[in-house]
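Comments concern the structure below.
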Amino acid sequence: MPRSDNTGKCELCGHTEEKSAMPRHLAECLAAHDPKGKPVRLVQLRFEVPGDPRYWLYVEARAESTLQQLDSLLRSVWLECCGHMSAFYVGQAEPNRSSKVGAVLASKGLKFRYEYDFGSTTLLNGHVVGTREGPAGRPAARVLARNDPPTWSCSECAAAATTVCPFCLDEGGGLLCEEHATTHPHAEEEVYLPVVNSPRMGVCGYTG
């Protein structure tokens, strides 16, 4: 299908689909890819970035896995740069990280928040898509689908941006093609970060 700013790829089969249609695809794809085995309860979650719908993840976690294990997945896929602290919030409550995903995030439609780094914070909105029964013998948490990399243009020209200047990003600039990265005012300060498929792009020391 034609790529748009809201498409993503299924991690199970590689199919590209719109974000809104991905749950329907995953329901069929999971059934086709599940091996036989003793069934366990699984929780399906969607993570999005407030104010930027281009970034999203569909995640599946075993109900008996912990929030700590879910946190580890989010860090490895989207966030980890310098070992910052993080937290989940359900309403005003901050559940213990040893809490089971199936106990804290049990209700379909439940909305919750996740924050990584309490200084230069990256905020994610979480949503419980639903639960299902599936075979055991899988990771504590895994990515089912994620957004395609957004297309970024250089702040100085129409070429594709490959580099971020974090000093200038908040001022509406800072996205640079290979040519303009060499002539940018901060080119000699060794502060550049790469353009990556993450809401953490250009923040702290995140390189993807």
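Some notes on this structure:
- The residue list Ser98, Ser107 contains one member that is touching a strand residue (DSSP E or B) at 6+ places or on another chain (Cβ under 7 Å), free of Cβ contacts under 8 Å to residues at least 60 places away in the same chain and under 30 Å from Glu28 (Cα atoms), which is Ser107.
- Note on the stretch 90-104: residues that are open to solvent by less than 70 Å² (accessible area, probe 1.4 Å), under 13 Å from Gln68 (Cα atoms) and not small (Gly, Ala, Ser) amount to 4.
- For first residues located in the stretch 181-208 and within 13 Å of Thr122 (Cα to Cα), partners that are among the hydroxyl-bearing types (Ser, Thr, Tyr) and not in a loop (DSSP other than H, G, I, E, B) and lie 6+ apart or on another chain with Cβ distances below 7 Å form the pairs Pro199/Tyr55; Pro199/Thr122; Arg200/Thr122; Val203/Thr122.
- Cross-chain or 6+ apart pairs with Cβ under 8 Å, the stretch 32-45 first and over 22 Å from Cys13 (Cβ atoms) and among the charged types (D, E, K, R), then part of a loop (DSSP other than H, G, I, E, B) and at pLDDT 90 or above: Arg41/Ala63; Arg41/Glu64
Results for (1) more than 14 Å from the chain's Cα centre (by Cα); (2) over 21 Å from Pro23 (Cβ atoms), shown as yes or no for each residue.
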residue: Pro50; (1), (2): no, no
residue: Val59; (1), (2): no, no
residue: Leu70; (1), (2): no, no
residue: Ser76; (1), (2): no, yes
residue: Gly119; (1), (2): yes, yes
residue: Glu156; (1), (2): yes, yes
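- Count of residues meeting criterion [surrounded by fewer than 16 Cβ atoms within 10 Å (Cβ to Cβ) and in contact with a Phe, Trp or Tyr (Cβ under 7 Å, 6 or more places away or on another chain)] in the stretch 161-192: 2
- Scanning the stretch 181-208 for residues that are touching a helix residue (DSSP H, G or I) at 6+ places or on another chain (Cβ under 9 Å), modelled with pLDDT under 95 and of a type in the set (D, E, K, R) yields a single hit, Glu189.
- Of the residues making up the stretch 45-80, just one is at pLDDT below 95 and not in a strand (DSSP E or B), namely Gly51.
- Residue identified as farther than 17 Å from Asn197 by Cα, out of contact with any His (no Cβ under 9 Å at 6 or more places or on another chain) and open to solvent by less than 10 Å² (accessible area, probe 1.4 Å) among Ala27, Ala61, Ala32: Ala61
- Hits in the stretch 166-193 - residues which are small (Gly, Ala, Ser) and over 19 Å from Gly205 (Cβ atoms): Gly172, Gly173
The values are calculated or read from the model by the stated rules, or taken from the named source; none is laboratory data. What you see is a predicted model; the values in this text were computed from it and never measured. As a convention, Cβ positions derive from the backbone with ideal geometry for all residues, glycine included, and neighbour counts pool all protein chains shown. Areas reflect the complete protein model, heavy atoms only, side chains present, ligands, DNA and RNA absent. Shrake-Rupley method; radii C 1.70, N 1.55, O 1.52, S 1.80 Å.
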